[in-house]
1. How about segment 41-80: which trypsin sites (Lys or Arg not before Pro) there lie in a loop by DSSP and see at most 16 other Cβ atoms within 10 Å?
2. Taking the convex hull of the alpha carbon atoms in segment 28-152, what volume per residue do you get, in Å³?
3. So for the pair ILE141, ASP126, with labels modelled 7 Å out along Cα→Cβ, what separation do we get in nm?
4. From the residues GLY105, PRO37, SER68, which one has its Cα farthest along the dipole of segment 11-152 in the positive direction, the dipole being from +1 and -1 charges on Cβ of Lys/Arg and Asp/Glu about the Cα centre?
5. With 5 Å bins from zero, work out the P(r) of segment 65-116 over every alpha carbon pair and list the percent per bin.
6. Hey, got the dipole for the chain? About the Cα centre, +1 on K and R Cβ, -1 on D and E Cβ, debye to the nearest 20?
7. Per the 1.4 Å probe, what fraction of the accessible area of segment 6-105, in percent, lies on carbon and sulfur atoms?
8. Give me the distance in nm between label points sitting 7 Å out from Cα along the Cα-to-Cβ direction at SER38 and THR149, one decimal.
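The values are calculated or read from the model by the stated rules, or taken from the named source; none is laboratory data. Predicted model, so just to flag it, every value in this text is computed and none were measured. Using ideal geometry, Cβ is built from the backbone for each residue, glycine included, and neighbour counts are taken over all protein chains shown. Accessible surface is based on the protein model in full, side chains and every heavy atom, while ligands, DNA and RNA are left aside. Shrake-Rupley method; radii C 1.70, N 1.55, O 1.52, S 1.80 Å.
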Amino acid sequence: MTFALHSPVFQNGGAIPDNYARDGENISPPLRWTDPPSATKSFILLVEDPDAPSGTFRHWAIHGINPSQSELREGIGAEGATQRQAVNDFGKARYDGPQPPRGHGVHHYHFKIAALDLAQLDLPVDVSAERAWEAAEPHVIDQAELVGTFER
């Protein structure tokens, strides 16, 4: 089997429902992963939009996910959640959903999860999502990706 990331609310390459968008309920979608490497000591998840007009825009990063977990429940990305969340490009340590410029076309939101070879990244509380992912990269055993689309 292969390490894979799924959501029960959208298919890979499919549209992300409006309630997970910033203009909707702005809650993180439920995510599930299967067949992570047996040596996994923690996970990190990043959500980014490479189609943003100013370059890649990061909507969420959450790290220190326990290796015994195989899902993130809907809404876990709320501000103040118990999981360790990095600061997104909106300036918040939380999930902020899709909000592409109106009329800009379809944007692709990459949900990436990485299995890491260490239990915890040594990161400051106010680390950016970009820096958290960069800090994790040398420790990646394997990663999986799910892409959702959104257009306003």
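1. Details: sites: LYS41, ARG58, ARG73; in loops: LYS41, ARG73.
Answer in residue order: LYS41, ARG73.
2. Taking only Cα atoms, segment 28-152 has a hull volume of 96 Å³ per residue.
3. 3.4 nm
4. Projecting each Cα onto the dipole axis, the largest value belongs to SER68.
5. Spelled out per bin, shortest first, that is 4, 14, 21, 24, 18, 11, 5, 2, 0.
6. Working: 12 positive and 21 negative charges, 42 e Å.
Dipole magnitude for the chain comes out near 200 debye.
7. 44 percent
8. 4.0 nm
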